[in-house]
Amino acid sequence: MGDVPGLRSPASGADRAPLIFDVIIAGCGPTGATLAAELRLHDVRVLVLEKETEPVSFVRIVGLHIRSLELMAMRGLLQRILQHGRRRPAGGFFAAIPTPAPKGLDSAYAYLLGIPQPVIVRLLEEHAIELGARVRRGCAVAGVEQDDEGVTVELADGQRLRSRYLVGCDGARSTVRKLLGVGFPGEPSRNDTLMGEMAVGVPQEEIAAKVSEISETSKRFWLRPAGVGVYSVVVPAAGVSDRAEPPTLEDFAQQLRAIAGTDFGVHSPRWLSRFGDATRLAERYRVGRVLLAGDAAHIHPPLGGQGLNLGVQDAFNLGWKLAAQIRGWAPKTLLDTYQAERHPVAEDVLDNTRAQMELTSTEPGPRAVRRLLTELMDFDEVNRYLIEKITAIGIRYDFGDGPDLQGRRLRDIDVKQGHLYGLLHRGRGLLLDRTERLTVGGWSDRVDYLADPTAALDAPCVLLRPDGYVAWIGDDQQNLDEYLSRWFGKPAN
């Protein structure tokens with residue numbers, strides 16, 4: 001393969017472990033579990049390695065945004081997930097400016113779903129296992145070698161495993177990324193924040209009044225109910241202990257007294273954590289047969305709640321493309337479109353979180369900009385633009401010249417068989433034909449077909465990729481065949 005920084009090639013085939021997996025995934029968080037399930041939809045042999053022996057115990061609440069909810073609906077997972085979460089209005093995301101969501105957002109799932117992080121990870125892992133993925137805990141990646149035929153992964157205990165591809169979904173401190181030698185440029189953390197859940201010892205009314213007063217000037221301070229007598233607490237970490245050490249309850253009490261004049265009688269913490277506003281983006285998402293996804297590829301401040309969603313959406317973009325490569329029908333450049341499409345999306349998320357962090361500053365300049373933006377968000381177009389950006393329903397991939405809908409995701413429209421997303425559970429492409437004259441022909445092993453002249457669609461026909469993005473719009477069979485070849489390779493016959 002030539003010399004690749006951070007990687008070695010085995011001396012000979014005799015030194016290689018047997019090739020028993022198609023893909024090894026490092027990390028069984030939301031991104032890794034989602035990717036494993038997507039690959040299993042195409043009968044790819046998947047092993048997920050998780051260095052932790054047990055799932056995380058702290059119950060941080062995360063939010064699934066509109067696009068992630070749509071993707072869960074596409075795979076038949078949404079109803080299972082909804083019963084474990086709490087729906088909230090899809091507004092007030094950008095820099096926590098309390099502007100309600102605009103009316104008529106273009107989605108059947110126009111809300112935020114708050115759900116405990118361990119629960120969503122468990123549900124996604126269970127889904128992957130149900131589909132046939134294997135998960136091994138207590139397995140830390142220590143070395144990576146690749147050659148023209150596959151990747152050898154060495155574990156911390158010395159065991160060597162072999163697969164055709166490796167995907168690093170192993171978080172911000174990704175071992176896989178470091179072994180690859182991929183640069184991770186950006187900015188280190190400047191503003192650390194404490195976050196946790198704990199019981200309080202004062203009445204709710206007292207807390208609400210104090211929070212309302214302080215939130216006028218401090219945007220990184222809040223106490224929000226998280227159960228009976230329990231609050232989610234967020235305070236700046238400035239001046240608190242060594243950032244390499246886990247925070248303590250006293251750290252929270254100290255910061256609460258400094259900012260609010262009282263510690264609200266906090267006690268009995270459920271979990272305590274500390275996060276920063278470091279912002280970094282991997283220079284490359286792929287080196288040969290090794291790829292990166294999720295936090296291994298990008299990190300940013302949590303404002304807007306985009307992190308988990310960005311990783312899950314990476315997995316949906318990558319899964320079908322990597323499966324196509326393994327199944328042997330992928331067009332030559334298909335796997336390269338993973339970085340081409342997702343790297344710019346991550347760049348945009350990093351930029352909007354940088355902007356949001358600036359807007360939380362207590363300095364006069366940023367506060368003035370925040371006041372101005374708050375006024376601008378009263379305009380529907382501005383509010384809608386920012387909501388669509390944060391929730392990822394405004395993404396348009398560059399598929400070349402074509403109608404505006406081409407390169408965008410298609411909402412869950414009504415079709416004669418019920419709902420469009422119900423036809424995408426198998427992770428295949430779909431031709432929705434209102435003319436009833438076209439065919440997917442030799443691509444029928446990869447692309448489903450639905451003739452439906454009554455479909456609620458302002459186009460004669462659309463070709464959807466497995467991730468729900470519109471690959472083609474038109475009514476000409478010859479032109480359709482060109483796009484089927486572009487995305488789904490050569491016809492089977």
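The values are calculated or read from the model by the stated rules, or taken from the named source; none is laboratory data. Note that the structure is predicted; figures quoted are calculated from it, not measured. Counting neighbours? That spans all protein chains shown, and the Cβs are built from the backbone with ideal geometry, glycine included. Quick note on the areas: whole protein, heavy atoms, side chains included, nothing else; ligands and nucleic acids left out. Shrake-Rupley method; radii C 1.70, N 1.55, O 1.52, S 1.80 Å.
Here are the numbers:
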| read-out | value |
| --- | --- |
| Computed lengthening from Asp336 to Arg87, 0.36 nm per intervening residue step minus Cα-Cα distance | 86.0 nm |
| With DNA, RNA and ligands ignored, accessible area of Arg160 (1.4 Å probe; Å², nearest 10) | 80 Å² |
| Accessible area expressed per residue, the stretch 95-159, with surrounding protein chains retained (probe 1.4 Å, Å²) | 42 Å² |
| Computed accessible area, His300, all protein chains, 1.4 angstrom probe, square angstrom | 30 Å² |
| Listed residues Phe275, Phe379 arranged by accessible area, highest first, probe 1.4 Å | Phe379, Phe275 |
| Computed label-point distance, nm, for sites Asp476 and Ser268 using a 7 Å Cα→Cβ extension | 7.0 nm |
| Cα-centre dipole for the stretch 92-173 with unit charges at Cβ (Lys and Arg positive, Asp and Glu negative), debye to 20 | 340 debye |
| Beta bridges by DSSP in the chain, antiparallel share as percent, to the nearest 5 | 70 percent |
| Sparse-neighbourhood loop sites, trypsin sites (Lys or Arg not before Pro) in the stretch 297-377 - DSSP loop, at most 14 other Cβ within 10 angstrom | Lys332 |
| Spatially close lysines, pair count over the chain: Cα under 20 Å, gap of eight or more or interchain | 6 |
| Between 0 and 90°, nearest 10: helix 307-327 axis offset from the chain longest Cα axis | 10 degrees |
| Label-point separation, Glu206 to Leu450 (7 Å along Cα→Cβ), nm | 5.7 nm |
| In degrees, nearest ten, helix 117-130 long axis to first principal axis of the chain (Cα) | 20 degrees |
| Pairwise FRET efficiency - Asp157 versus Arg134, Cβ, R0 = 22 Å, nearest 0.05 | 0.80 |
| In range of the label at Glu363: residues from the stretch 221-239 whose backbone nitrogen is under 20 Å from the point 7 Å along Cα→Cβ | 221, 236-239 |
| Charge dipole of the stretch 28-124 about the Cα centre (unit charges at C-beta), most positive-ward option of Met74, Pro89, Pro30 | Pro89 |
| Three-way shape label, the stretch 351-493, alpha-carbon gyration tensor, a/c 1.5 | prolate |
| Residue-averaged 222 nm ellipticity for the chain, from DSSP H runs of 4+ at -39500 (n - 2.57), nearest 500 | -9500 deg cm²/dmol |
| Loop-located trypsin sites (Lys or Arg not before Pro) in the stretch 418-493 whose Cβ has at most 15 other Cβ within 10 Å (DSSP) | Arg426, Arg437 |
| The stretch 285-391, accessible surface, carbon-and-sulfur percent (1.4 angstrom probe) | 56 percent |
| Label point 7 Å beyond Cα of Lys416 along Cβ direction - residues of the stretch 452-472 with amide nitrogen under 20 Å | 452-464 |
| For Ile259, solvent-accessible area (1.4 Å; no DNA, RNA or ligand), Å² | 60 Å² |
| Between 0 and 90°, nearest 10: helix 30-40 axis offset from the chain longest Cα axis | 20 degrees |
| Lys, Arg +1 and Asp, Glu -1 on Cβ, resulting dipole of the chain about Cα centre, debye, nearest 20 | 720 debye |
| Cleavage-rule hits, trypsin sites (Lys or Arg not before Pro), the stretch 75-112, DSSP coil, Cβ neighbours within 10 Å at most 11 | Lys103 |
